[in-house]
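Novice: Below you will find the structure I want to go over with you.
The values are calculated or read from the model by the stated rules, or taken from the named source; none is laboratory data. No experiment lies behind these values; they were computed from the predicted model shown. Here the Cβ positions follow ideal geometry from the backbone for every residue, glycine too, while neighbour counts run over all protein chains shown.
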DNA sequence: CCGAATCCTTTTCGATACTG
DNA sequence: CAGTATCGAAAAGGATTCGG
């Protein structure tokens, strides 16, 4: 994208990320305060991103999310939803029907992560083939 | 969705992500082919993002990366670097000095992930405070 | 229907010691 | 310097059972 150069692809974008990394270094790189660890570790776990995406279009009930992500266990669904609620990314709404129904919705904060998350997902989709090719090449030229 | 209401912030962006999710559903949501799982699980692990960022500015040697990320063990550094090489995100260059030195560099593919990754990192940085506040509120109103 | 509690397996990770 | 090998601890995850 942007100015298409011949041969020497990119290199220009994302100067900021490296610079920010340098900043972190200066302050001793405190793991507890590093947002990469504190936040990315969370949204990067096995189910979080999928759950967020499944709530992108509309609020959904517990069982509805479970249907959308068939191979998640109830335990992990409960746990991940609670973590997301704790972080303020989703809200939980209990309706006093019987049996009770519970709906989860993205909060404004949760909705705000969809955009950067989408960037990464679309990157993953578009590069998935390249990555699989690279894996095959690597495995082919590596010993048993 | 859409109809931009006052007070009700955003909602409009990222229609594509939810739609893409719907697409996946139609094909049975094959976990093995889902790029969210195949790729995000990788870059979302404990060290991958940090290593990619540490290589953003320039190629670095094994020990240099280890200095930049002080609390990574040699084992995990080796392992994560190898996984990244396998996925084609970084390249490995051995210089026949003695003792040998090895430099790791981002490949074009690896550089291409920095931009979406930066979006997420900057989101994390800017929202870190909100998330911590939400955590405190949640913990305060939850039982022992 | 939603979820808590328990048990158990798998995976991840770190510490340590060793090699070219 | 840049790894490899092995071990054990810890965390994550799944299956099952129970309860409001």
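Novice: Residue A:70: more than 11 Å from every other protein chain (Cβ to nearest Cβ), free of Cβ contacts under 8 Å to residues at least 12 places away in the same chain and within 14 Å of DNA strand D (Cβ to nearest atom), yes or no? Please lay out each step first, then the result.
Specialist: Values: more than 11 Å from every other protein chain (Cβ to nearest Cβ): no; free of Cβ contacts under 8 Å to residues at least 12 places away in the same chain: yes; within 14 Å of DNA strand D (Cβ to nearest atom): yes.
Against the criterion (more than 11 Å from every other protein chain (Cβ to nearest Cβ), free of Cβ contacts under 8 Å to residues at least 12 places away in the same chain and within 14 Å of DNA strand D (Cβ to nearest atom)), residue A:70 does not qualify.
Novice: So residue A:37 fits all but one of (1) at the interface with chain B (Cβ under 9 Å from one of its Cβ atoms); (2) in contact (Cβ under 8 Å) with a residue 12 or more places away in the chain; what number is the exception?
Specialist: Answer for residue A:37: the failing condition is (2).
Novice: Can I ask one more? Output yes when any residue across the stretch B:113-134 is within 15 Å of DNA strand D (Cβ to nearest atom) and within 19 Å of residue A:134 (Cβ to Cβ), and no when none is.
Specialist: no
Novice: Could you list all residues from the stretch A:87-112 that are within 11 Å of another protein chain (Cβ to nearest Cβ) and either away from DNA strand D (no atom under 15 Å from the Cβ) or touching a strand residue (DSSP E or B) at 6+ places or on another chain (Cβ under 9 Å) (or both)?
Specialist: Scanning the stretch A:87-112 gives A:88, A:89, A:90, A:91, A:92, A:106, A:107, A:108, A:109, A:110, A:111, A:112.
Novice: I've got another one for you. Touching a strand residue (DSSP E or B) at 6+ places or on another chain (Cβ under 7 Å), at pLDDT 95 or above, within 16 Å of DNA strand D (Cβ to nearest atom) and assigned to a helix (DSSP H, G or I): does that describe residue B:84?
Specialist: yes
Novice: Which of the residues belonging to the stretch A:47-63 are near DNA strand C (Cβ under 10 Å from one of its atoms) and under 19 Å from residue A:111 (Cα atoms)?
Specialist: A:60, A:61, A:62
Novice: Has the stretch A:87-106 got at least one residue that is at pLDDT 95 or above and in a helix (DSSP H, G or I)?
Specialist: no
Novice: Would you confirm, using the coordinates I've provided, whether residue A:110 is at positive phi and modelled with pLDDT of 95 or more?
Specialist: So residue A:110 does not fit the description; no.
Novice: Let me ask something else about it. Across the stretch B:75-129, which residue is farthest from residue A:110 (Cα to Cα) among those that are surrounded by fewer than 20 Cβ atoms within 10 Å (Cβ to Cβ) and touching a residue at least 24 places away in the same chain (Cβ under 8 Å)?
Specialist: That would be B:101.
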